[in-house]
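Q: I have a structure here, written as structure tokens, and I will follow up with some questions on it.
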Amino acid sequence: MGPVKSVCFIGAGFVGGPSGAVLALKNPDVEVSVVDLSETRIAAWNSDALPIYEPGLLPVVKEARDAEVRPQNLFFTTDVRGTIKRADIVFICVNTPTKTAGIGAGKAPNMAYFESATRMIAAEADKDTIIVEKSTVPCRTAANMREILHAIGKPGVNFEILSNPEFLAEGTAVADLMRPDRILIGSMQTPSGLEAADVLANLYGSWVPKENILKTNIWSSELAKLAANALLAQRISSINALSAICEATGADVGEIAYAAGLDTRIGSRMLQASVGFGGSCFRKDVLNLSYMAETLHLPEVAAYWQSVVAINEWQKSRFTKRIISTLYGTLTGKKIAVYGFSYKKNTADTRESAAISVVKDLIAEQARVCIYDPQVTKAQIWEELDINGCHLEDVEKYVSIAQNPYDCASDSHAVIVLTEWDEFSNKDVDWEQIFDIMERPAFVFDGRRVIDAGKLQRLGFRVECIGRGN
Ligand code: NAD
Ligand code: UGA
């Protein structure tokens, strides 16, 4: 293959959009097109109101997209087929959510979008093309792709499949893409497979140091992505399991995480106890791994990974139970202020957010729930509660939205912190003012351990934190 002139990202979501933008920024001679079936998503990518909230992303997109600073080489379009035809490399970045029906429902990933993208590439490509799995997929997906490409591809057109999983985290996507811990490229260990891996490595080489680009066999690469997310999620479930012991014994989970994390073999990151991990991937990918083990007749392995998800579910319901019992066993008619609805700070993404489960439980208790989140809209909260099984009449009846933390807390019996947005820390929110406008006793339940409990107690609050007993 000669020099890469044109690449295509299929799927203009949280991965395709930012990844395409950074690749374009760092390779000004390469035409980068990000395509999607959704016209509204593409229109948003072509505007200044990007479809995702990601700090620092807009300037990156504008520099490559707007031809003000340099010639344009980043394009967002719905012309999926035309773009595939021009591309030397096609990255598949479509969603692979957990199946909701059929065999493996609730566990296996739904590969329909991924297969449809593969079929589209096979049908459209007129020249040799490298296809890159960027979506998170089960191990051995490349073997299925190979069959489809072989059956549908035009005569004389060769395809090389690479696995190049994405490791960015939302909220820090730009930094993660600019300075990745590693770039993983899996290929078949054939001359053409290894050559394709070199072509992709060269594109990354324009900004990622060579020693951070790791090449492996394709199955290792596919499985390494699931392994990485499973190991990260497992750390959170482990610290959350310990948080329950802390609450019962008087130990403090922050001190436990700090003491354990000082051991360089353990390390300090991803040990922040919380109301539970959320996001579109941890749960989905751990379940994907567990389901794979099940289908490989490894029930003990499947059960091990399943327990990571089970602890997470338990942690969420444990937190709401603590709220109910602390508030004297009844929430009926009480106003409860919820601070934060996104699954973590610096994103407006609410997929699998712990807030969904907690709010659902509060509605079931007939509490009057008022939610404040600096980035999440009412429409999105309503949609999320709807798809997660709340009746919209109940949502209308019990849930309201506030535009600031003060309206949210006014007349409430408790403030519940569910997302660690910086503004909820003591410096940004005037807790004294909040105390004045709340009912008595005024409770704060910190599901993120971001508030200064001592200071709030001195103001008169009753404070309950994840991982700290009273
Ligand atoms: P997303 O839902 O934000 O975006 C996927 C996009 O693909 C949607 O806009 C959808 O319209 C589009 N799409 C689906 N089928 C299509 C088709 N046939 N042709 C064109 N467009 C199509 O998903 P995401 O969060 O970007 O995740 C994508 C993949 O990357 C998943 O497998 C996920 O596990 C993985 N991943 C996600 C993250 C993350 O932070 N969100 C990080 C690493 C890996
Ligand atoms: C995660 C991984 O960190 C990425 O490497 C991966 O690419 C991505 O999933 C993916 O495959 O989608 P993300 O879900 O965006 O990224 O965010 P994280 O920072 O990992 O947080 C996930 C959840 O765990 C959040 O709800 C967060 O609040 C929670 N969390 C995180 C904790 O409860 N404690 C921690 O110590 C860290």
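Q: With an 8 Å Cα cut-off and a minimum separation of 6 or more residues, compute the relative contact order for segment 63-122 in percent.
A: 23 percent
Q: Could you check what % of the DSSP bridge pairs in segment 22-134 are antiparallel, to the nearest 5?
A: 10 percent
Q: Looking at the chain only, what percent of DSSP beta bridges run antiparallel? Nearest 5 please.
A: Roughly 10 percent of the DSSP beta bridges within the chain come out antiparallel.
Q: Now, a different point. Using a 1.4 Å probe, what is the accessible area per residue for the chain, in Å²?
A: 43 Å²
Q: Follow-up. Would you grab the residues whose amide H sits under 5 Å from the one on ILE213? Only those 5+ places off in sequence or on another chain, please, with H modelled 1.01 Å from N.
A: ILE183
Q: Students sometimes get this wrong: rank GLU365, GLU147 by accessible area, probe 1.4 Å, all chains present, largest first.
A: Largest accessible area first, the list is GLU147, GLU365.
Q: Now for a separate question. Spelling out what I want: for every residue of segment 433-441, take phi, set θ = phi - 60°, compute 6.51 cos²θ - 1.76 cosθ + 1.60 (Karplus), and round to whole Hz; glycine and proline get x.
A: For segment 433-441, the Karplus-derived couplings read 5, 5, 4, 4, 9, 9, 5, 10, x Hz, x marking Gly and Pro.
Q: Estimate the FRET efficiency between ALA151 and ARG269 by the formula 1/(1 + (r/R0)^6), using the beta-carbon distance for r and 45 Å for R0, to the nearest 0.05.
A: So, using R0 = 45 Å, E works out to roughly 0.50.
Q: Moving to a separate point now. Karplus couplings for segment 410-423 from phi (6.51 cos²θ - 1.76 cosθ + 1.60, θ = phi - 60°), rounded to Hz, Gly and Pro as x?
A: Karplus values, whole Hz, x for Gly and Pro: 4, 6, 8, 8, 8, 9, 10, 8, 10, 10, 8, 3, 4, 5.
Q: I would also like to ask the following. Can you give the relative contact order of segment 118-170 as a percent, counting alpha carbon pairs under 8 Å and 6+ residues apart?
A: Once divided by the residue count of segment 118-170, the mean separation gives 54 percent.
Q: Let me ask something else about it. If you roll a 1.4 angstrom probe over the protein chains with everything in place, what fraction of the accessible area of the chain belongs to carbon and sulfur, to the nearest %?
A: Using a 1.4 Å probe with all protein chains present, the chain comes out at 53 percent carbon and sulfur.
Q: Full-extension gain between ASP430 and LYS5, please, as 0.36 nm times their residue separation minus the C-alpha to C-alpha distance.
A: My answer for the length gained is 147.6 nm.
Q: For the chain, what does -39500 (n - 2.57) per DSSP helix run (n ≥ 4), summed and divided by total residues, give at 222 nm, in deg cm²/dmol to the nearest 500?
A: Only helices count here, giving -14000 deg cm²/dmol.
Q: While we're here: Which whole-number percent is the relative contact order of the chain (Cα, under 8 Å, 6+ apart)?
A: Relative contact order of the chain: 12 percent.
Q: So, one more: What are the ³J(HN,Hα) values, in whole Hz, obtained from phi via the Karplus relation 6.51 cos²θ - 1.76 cosθ + 1.60 with θ = phi - 60°, for each residue of segment 24-38 in sequence order, with x given for Gly and Pro?
A: 5, 4, 8, 10, x, 8, 9, 7, 10, 10, 10, 10, 7, 6, 7
Q: Going down the table (LYS284/LYS335; LYS62/LYS378; LYS26/LYS62), which pairs top 25 Å between alpha carbons?
A: Violating the 25 Å Cα-Cα cut-off are LYS284/LYS335; LYS62/LYS378.
Q: Which residue, chosen from ILE363, GLY389, ALA453, occupies the Cα position most advanced towards the positive end of the dipole of segment 282-465, where the dipole is computed from +1 (Lys, Arg) and -1 (Asp, Glu) charges on Cβ about the Cα centre?
A: Most positive-ward Cα: ALA453.
Q: How do the peptides 222-235, 275-288 rank, highest first, by the average count of neighbouring beta carbon atoms within 10 Å per residue?
A: Top to bottom by mean Cβ count within 10 Å: 275-288, 222-235.
Q: Which of rounded, prolate or oblate describes segment 282-465 when judged by the alpha-carbon gyration tensor and an a/c cut-off of 1.5?
A: Prolate is the answer for segment 282-465, as a/c is 1.5 or above and a/b outweighs b/c.
Q: A follow-up question, please. In whole Å, what are the Cα extents of the chain along the three principal axes, biggest one first?
A: Principal-axis extents of the chain (Cα, largest first): 76, 53, 44 Å.
The values are calculated or read from the model by the stated rules, or taken from the named source; none is laboratory data. The shown structure was predicted, so the numbers you read here are calculated from the model rather than taken from an experiment. Quick reminder, even Gly has a Cβ in these numbers, built from the backbone with ideal geometry, and neighbours come from all protein chains shown. Protein only, heavy atoms only, side chains kept; ligands, DNA and RNA dropped before computing areas. Shrake-Rupley method; radii C 1.70, N 1.55, O 1.52, S 1.80 Å.
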